[in-house]
Structure formats: C-alpha cells, structure tokens
1. If you go through the range 65-81, how many residues are touching a strand residue (DSSP E or B) at 6+ places or on another chain (Cβ under 6 Å) and either open to solvent by 40 Å² or more (accessible area, probe 1.4 Å) or closer than 22 Å to Phe24 by Cβ (or both)?
2. Considering Gly20, Gly88, Gly107, Gly33, which residue is in contact with an Asp or Glu (Cβ under 9 Å, 6 or more places away or on another chain) and surrounded by 15 or more Cβ atoms within 10 Å (Cβ to Cβ)?
3. Say whether the condition of being more than 21 Å from Ala23 (Cβ to Cβ) and surrounded by 14 or more Cβ atoms within 10 Å (Cβ to Cβ) is met by at least one residue in the range 41-64.
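The values are calculated or read from the model by the stated rules, or taken from the named source; none is laboratory data. As the structure is a computational prediction, the values presented were derived from the model and not from experiment. Don't worry about glycine lacking a Cβ; one is built from the backbone with ideal geometry, like all the others, and counts go over all protein chains shown. Ligands, DNA and RNA are stripped out before the accessible areas are found, and what is left, the full protein with its side chains, is counted by its heavy atoms. Shrake-Rupley method; radii C 1.70, N 1.55, O 1.52, S 1.80 Å.
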Amino acid sequence: MPPTGSVSLDEAVERLLAGGAVAFPTETVFGLGADATNADAVERVYAIKNRPHEKPMPVIVSDLAMAQTLTDALTGRALRLAEAFWPGPLTLVCESNGAIPGIVTAGGSTVAIRV
C-alpha cells in the first residue's frame with residue numbers, strides 16, 4: 001500500500017492486517033511498525049528504515065496479556081516490573097517462545113517487548 005499521510009485507527013489496522021507498515025507516536029519518538037508475526041511486513045520495515053538485519057526490532061504490544069503470548073519468561077521480577085511500569089517507557093528483553101519470526105529477533109533467542 002502506498003503511503004497516504006494521516007489515516008484513521010481503523011485504516012491503520014487494515015494496513016497492518018494487510019502486511020503494511022504504519023507510523024505511530026510513542027511517548028518519546030515516532031515509531032514505524034508492522035505486524036511482528038508477519039515476516040514479510042517486518043522485512044518492509046527493515047527496508048523502509050534501511051535498518052541492518054543484525055539489529056533486532058522491539059515489539060510493541062497492547063498489554064501484559066499480549067506480551068505473555070511472546071514469551072514464557074514474564075514471571076518473578078520481570079512480571080513485577082511489567083505490572084509496575086507498563087504501559088510506559090520500559091522495554092523488557094525476554095527469551096522468545098518462538099511466536100514471532102526470527103527476523104524480528106535478528107535470529108537471536110530474545111525479544112524486546114514494550115507496552
């Protein structure tokens with residue numbers, strides 16, 4: 001899909017579901033994102049940003065429950081941190097459970113998760 005400027009939330013969701021990329025504001029910068037479970041969509045983000053494939057992508061999720069679909073490591077101290085600081089400017093790096101393609105983790109075993 002070609003870029004079109006500002007779109008509604010529904011249109012952004014449609015783009016993501018279709019494998020497109022969207023820009024979105026965070027508390028610190030604008031992000032460029034895609035469906036982290038879609039390797040082709042993640043590849044588009046790497047290409048648009050001219051990002052080296054050796055550099056993993058963080059995964060932005062909606063809440064703790066969604067984060068728990070990406071890792072089995074949100075227990076103990078990590079869970080307490082997530083409950084205390086999410087949503088917010090905290091990224092937790094946890095062992096991936098394989099729910100996302102290796103392109104996101106740059107082939108590594110961990111995933112960076114943020115709400």
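1. Total meeting the criteria: 2.
2. When all the criteria are applied, what remains is Gly20.
3. Yes; the residues of the range 41-64 include at least one that is more than 21 Å from Ala23 (Cβ to Cβ) and surrounded by 14 or more Cβ atoms within 10 Å (Cβ to Cβ).
This table checks each residue for (1) modelled with pLDDT of 95 or more; (2) farther than 22 Å from Pro89 by Cα.
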| site | (1), (2) |
| --- | --- |
| Gly5 | no, yes |
| Ala18 | yes, yes |
| Glu27 | no, no |
| Leu32 | no, no |
| Arg44 | yes, yes |
| His53 | yes, yes |
